[in-house]
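To start, the structure under review is shown below, and the notes come after it.
The values are calculated or read from the model by the stated rules, or taken from the named source; none is laboratory data. Owing to the predicted nature of the structure, the values given are computational and were not obtained by experimental measurement. Note: ideal-geometry Cβ built from the backbone for every residue, glycine included; neighbour counts use all protein chains shown.
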Amino acid sequence: MAATLKKELAEGRSARNSRGIRTYTRVFWVETTSDNDGPYTVGSASGLPLIGSVHPDDSGAWCTDLEVQNTAPWKGWTVTASYSTERELSTTPTSDPAVITWTSEQFQRVAAFDKNGDAIVNSAGDPFDPPNMMDDSRRVISVTKNLSSVPSWILTYQDAVNSDSFTVDGITIGAGLAKMQSVTVGEEQSRNGTAFRTVTFLMHLQKSGWLLAPLDAGFRQLGYDGTLENILNEGDRERPSAPVPLDGSGHALANPSAANCVFLSFSVYETKAFSSLPLS
């Protein structure tokens, strides 16, 4: 059993430009040697366009579909190849360029600083209890890429923050500004005999980075001998009802204000190099 490509049918050629997206069709005549030969055998005939191959007259259009039809039973078949410029493809699926989109998600966070970078505290210098909240919109980058298998980094990059500067979609992201938010791996697929998985990962961006920066405040301070002691109010020598701002060295601020409150800095997420991710 076999299928042989005989010729391309000139009358089957067509083209269309719709809002800048160019599409084409080409039709081929294929003959089989047995009435048991079916569409799979016909569509696999040597010489037919492969999915992802380039149109002979337009290097910016790629073959997206092959349609097989038995037009002269049982021997004669037509195969219609469709092309489009909408998205670049390759005959090898893992060589397809990454599909990148940008969006935003809305969260809430504690309003620790005002727009000038000063601490948000009451007129006595104490933090608000409960704290005020503010909107925290994050830019989200979605990258979809065909990979040969489930990526080995799927676990090691869980909630990781970028340790390096990297470029995605022509935009450079500074170190410490991106966090791996989620990874989705699709089912195994095949194109032209090559197996692949479509992997989508989301990165959340924070222009101020991902360090944890709480107000240095509490109910205890370091004494002169280095031991912890309870902080007492100046007047009544009672314990305060709200955390007292500290000076960054473990001592209560004598006159806390928006200008002298201290915020600590903690790195709570593991860091990884994002430039090694499949970003293109």
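The table below gives the values:
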| read-out | value |
| --- | --- |
| Contacts under 7 angstrom Cβ, first residue in the stretch 1-15 being closer than 14 Å to L48 by Cβ, partner of a type in the set (F, W, Y) and surrounded by 14 or more Cβ atoms within 10 Å (Cβ to Cβ), 6 or more apart | L5/F28; K6/W29; K7/W29; E8/F28; L9/F28; L9/W29 |
| Count of residues meeting criterion [out of contact with any Asp or Glu (no Cβ under 9 Å at 6 or more places or on another chain), in a loop (DSSP other than H, G, I, E, B) and not aromatic (F, W, Y)] in the stretch 213-248 | 13 |
| Flag if W74 is touching a residue at least 24 places away in the same chain (Cβ under 8 Å) and either assigned to a strand (DSSP E or B) or under 27 Å from the mean Cα position of the chain (by Cα) (or both) | no |
| So V185, is it surrounded by 16 or more Cβ atoms within 10 Å (Cβ to Cβ), in a strand (DSSP E or B), of a type outside the set (D, E) and in contact (Cβ under 8 Å) with a residue 12 or more places away in the chain | no |
| Any hit, the stretch 195-212, residues being in a strand (DSSP E or B) and free of Cβ contacts under 8 Å to residues at least 40 places away in the same chain | no |
| Any hit, the stretch 58-69, residues being touching a residue at least 40 places away in the same chain (Cβ under 8 Å), in the same structural domain as Y24 (by TED's automatic domain parsing) and under 26 Å from the mean Cα position of the chain (by Cα) | no |
| Residue tally, condition on the phi > 0 side of the Ramachandran plot and of a type in the set (G, A, S), over the stretch 162-185 | 2 |
| Index of the failed condition, G218 passing every other in (1) exposed (fewer than 14 other Cβ atoms within 10 Å of the Cβ); (2) over 30 Å from S95 (Cβ atoms) | (1) |
| Which numbered condition S165 misses (of (1) free of Cβ contacts under 8 Å to residues at least 12 places away in the same chain; (2) hydroxyl-bearing (S, T, Y); (3) touching a Gly at 6+ places or on another chain (Cβ under 8 Å)) | (1) |
| Test: residue in the stretch 148-157 that is surrounded by 12 or more Cβ atoms within 10 Å (Cβ to Cβ), in contact with a helix residue (DSSP H, G or I) (Cβ under 6 Å, 6 or more places away or on another chain) and either outside the structural domain of G47 (by TED's automatic domain parsing) or under 30 Å from P214 (Cα atoms) (or both) | yes |
| Failed criterion for S90 (all others in (1) in a loop (DSSP other than H, G, I, E, B); (2) surrounded by fewer than 14 Cβ atoms within 10 Å (Cβ to Cβ) hold) | (2) |
| All positions within the stretch 222-280 that are free of Cβ contacts under 8 Å to residues at least 60 places away in the same chain, among the small types (G, A, S) and surrounded by 15 or more Cβ atoms within 10 Å (Cβ to Cβ) | A252 |
| Residues that are of a type in the set (G, A, S) and touching a helix residue (DSSP H, G or I) at 6+ places or on another chain (Cβ under 9 Å), drawn from the stretch 1-33 | A2, A3 |
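Every residue, every condition in (1) in contact with a Lys or Arg (Cβ under 9 Å, 6 or more places away or on another chain); (2) modelled with pLDDT under 95, yes or no:
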site: T94; (1), (2): yes, no
site: R109; (1), (2): no, yes
site: A112; (1), (2): no, yes
site: S123; (1), (2): no, yes
site: F128; (1), (2): no, yes
site: P131; (1), (2): no, yes
site: D136; (1), (2): yes, yes
site: T156; (1), (2): yes, no
site: V168; (1), (2): no, no
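Condition check ((1) farther than 30 Å from L277 by Cβ; (2) not in a loop (DSSP other than H, G, I, E, B)) across all residues:
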site	(1), (2)
N70	yes, yes
T103	no, yes
G117	yes, no
N146	no, yes
W153	no, no
